[in-house]
Amino acid sequence: MRFAVIVFPGSNCDTDLFRAIEEVLCEEVDYVSHHETNLENYDAVLLPGGFSYGDYLRSGAIASFSNIMPAIIDFAESGKPILGICNGFQVLLESGLLPGAMKRNEHLKFICQTTPLIVENNETAFTNQYRLQERINLPIAHAEGNYECDEGTLADLEKNHQVVFRYADNPNGSKGDIAGIVNERGNVLGMMPHPERAVEQLLGNDDGYKLFQSILVHWREQHAVTS
Amino acid sequence: MVKVKVFVTLKEGVLDPQGKAVEQALDARGFRGVSEMRVGKYMEFYMDHEAAGDQEIQNMCEQLLANPVIEDYRYETEEVVSK
């Protein structure tokens, strides 16, 4: 399986993601610059955390108009998996691939800590290796992770089981305790916590490993059907 | 030339954590009677007269300058002598 890690000016979790795929998941991975316009050779796209374009205007706003974005939108429409972490989630929201928006954290602080999450949907391409309602711990590191959407959108997210991760102890004021959501089709996941920072015990925590393993398992299952 | 001034704030009904903190800070300094503080953004720029139509400016605001999911915007235009 071949992964693309998209690199924007100001991305700073791209190396962590690259390493999680190359050294821990042991699959192929390339850095793909925001200048590129083609993702044909890839099976999954990863949008890393960081501060793309310095968070100017709004987090993720400028990146959502970069050269690579039309290819990312096509990739989403083709049904292939896209994972946006932290700033990557913000880019997915700004580009309209996921509903809602991010506000400053409720208490205005940049929060950097390990946080307990509940797996609310384990039937996605990203969470099939977790148990339903499994409690996991992942690091968060953000100032703007306070998820906001209107009541209708929230009701739709809940009804369609699009809330994939929920904070067990809401750290930032997120509506519905939302930490991660998928699109209706289930192939685009945005999440504020950082699974790539928790992929092996050497890092003190490997709760994030199963997320990457899930993507691989899902891809292999799809390939077994078609080949 | 036309000078365009764009004001962006969080929508009414969307809690504004910054606005709340600033309001509380004013109160702490003894300024009374302040309510519903909203902290927003102000942008100004010049446009060629022919380009500065309402529809164009609204598109700019809705596609980039503001995020319509959580923000409202308004703008003012003013004719200025070419620089």
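The values are calculated or read from the model by the stated rules, or taken from the named source; none is laboratory data. Everything numeric here is computed off the predicted structure, so don't read it as measured data. Using ideal geometry, Cβ is built from the backbone for each residue, glycine included, and neighbour counts are taken over all protein chains shown.
Does region B:35-49 include one or more residues that are touching a residue at least 24 places away in the same chain (Cβ under 8 Å), among the basic types (Lys, Arg) and either more than 14 Å from every other protein chain (Cβ to nearest Cβ) or surrounded by fewer than 15 Cβ atoms within 10 Å (Cβ to Cβ) (or both)? So far as region B:35-49 goes, yes, one or more of its residues are touching a residue at least 24 places away in the same chain (Cβ under 8 Å), among the basic types (Lys, Arg) and either more than 14 Å from every other protein chain (Cβ to nearest Cβ) or surrounded by fewer than 15 Cβ atoms within 10 Å (Cβ to Cβ) (or both). The strands (runs of 3 or more DSSP E) located wholly in region A:1-105 that include 2 or more residues which are under 16 Å from the mean Cα position of the chain (by Cα) occupy A:2-7, A:44-47, A:82-85, A:101-103. The residue that is modelled with the lowest pLDDT, among those in region B:52-66 that are away from every other protein chain (no Cβ under 14 Å) and surrounded by 12 or more Cβ atoms within 10 Å (Cβ to Cβ), is B:Ala52.
Of the residues A:Ala125, A:Ala141, only one is among the small types (Gly, Ala, Ser), in contact (Cβ under 8 Å) with a residue 40 or more places away in the chain and assigned to a strand (DSSP E or B); which? Working first, answer last.
Numbers: A:Ala125 fails: assigned to a strand (DSSP E or B).
Only one candidate passes the filter, namely A:Ala141.
Annotation note: Cβ proximity below 6 Å between a residue of region A:148-177 that is at pLDDT 95 or above and a residue that is surrounded by fewer than 16 Cβ atoms within 10 Å (Cβ to Cβ) and in a loop (DSSP other than H, G, I, E, B) (sequence gap 6+ or interchain) occurs for A:Asn160/A:Glu184. Take the conditions (1) without any contact (Cβ under 8 Å) to a residue 60 or more places away in the chain; (2) within 13 Å of chain A (Cβ to nearest Cβ); (3) assigned to a loop (DSSP other than H, G, I, E, B); B:Ala25 misses just one of them, which is (3). Filtering region A:43-82 to residues that are within 23 Å of A:Leu211 (Cβ to Cβ), hydrophobic (A, V, I, L, M, F, W, C) and touching a helix residue (DSSP H, G or I) at 6+ places or on another chain (Cβ under 7 Å) leaves A:Ala44, A:Val45, A:Leu46, A:Leu47, A:Phe51, A:Ala63, A:Ile82. Here A:Asp55 meets each of (1) buried (at least 22 other Cβ atoms within 10 Å of the Cβ); (2) at positive phi with one exception, condition (1).
Here's a check for you: in region A:95-136, which residue that is within 14 Å of another protein chain (Cβ to nearest Cβ) and aliphatic (A, V, I, L, M) is surrounded by the most Cβ atoms within 10 Å (Cβ to Cβ)? Spell out how you get there, then give the answer.
In the first step, residues of region A:95-136 are kept if they are within 14 Å of another protein chain (Cβ to nearest Cβ); the result is A:95-111.
Remaining after also requiring aliphatic (A, V, I, L, M): A:97-98, A:101-102, A:108, A:111.
Numbers: A:Leu97: 22, A:Leu98: 26, A:Ala101: 23, A:Met102: 28, A:Leu108: 12, A:Ile111: 16.
Ranking the candidates gives A:Met102 first.
Considering only residues in region B:67-80 that are at the interface with chain A (Cβ under 9 Å from one of its Cβ atoms) and touching a residue at least 40 places away in the same chain (Cβ under 8 Å), the one that is nearest to B:Val6 (Cα to Cα) turns out to be B:Glu71.
Of the numbered criteria (1) assigned to a loop (DSSP other than H, G, I, E, B); (2) free of Cβ contacts under 8 Å to residues at least 40 places away in the same chain, the one B:Glu62 fails is (1).
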